[in-house]
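The values are calculated or read from the model by the stated rules, or taken from the named source; none is laboratory data. What you see is a predicted model, and the numbers here were worked out from it, not measured in a lab. Methodologically, a virtual Cβ is constructed for each residue, glycine included, from the backbone with ideal geometry; neighbour enumeration extends over all protein chains shown.
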Amino acid sequence: MPRYYFDLREGHHVAPDEEGLDLPDMEAVQNEAARALSDLARDTIRATAAFGVARNLSIEVRDDQGTVMQARFQFDIKRLQ
């Protein structure tokens with residue numbers, strides 16, 4: 001079973017995945033990337049105090065050969081009152 005690494009990226013900051021996960025196919029990779037990205041987005045939104053600043057979050061998935069998938073999420077919070 002191939003090993004995939006899920007590197008987290010927020011803007012220019014990258015947190016590389018040093019452990020990786022053994023997954024059977026690209027559908028499982030996509031599901032894991034979506035789950036990880038939703039967790040990252042939720043945690044970033046909860047921790048953010050800088051309203052009005054857009055955030056660009058992504059998960060870049062790689063195997064031993066290189067990048068195989070990228071999942072991105074962008075949000076912008078604007079207070080109207």
Criterion first (closer than 13 Å to LEU8 by Cα, of a type outside the set (D, E, K, R), part of a strand (DSSP E or B) and modelled with pLDDT of 90 or more) does ALA36 satisfy it? no
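Taking region 57-72, which residues are of a type outside the set (S, T, N, Q) and either assigned to a strand (DSSP E or B) or modelled with pLDDT of 95 or more (or both)?
Correct list: LEU57, ILE59, GLU60, VAL61, ARG62, ASP63, GLY66, VAL68, MET69, ALA71, ARG72.
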Count - residues of region 1-33 that are surrounded by fewer than 16 Cβ atoms within 10 Å (Cβ to Cβ), outside any helix (DSSP H, G or I) and aliphatic (A, V, I, L, M): 3
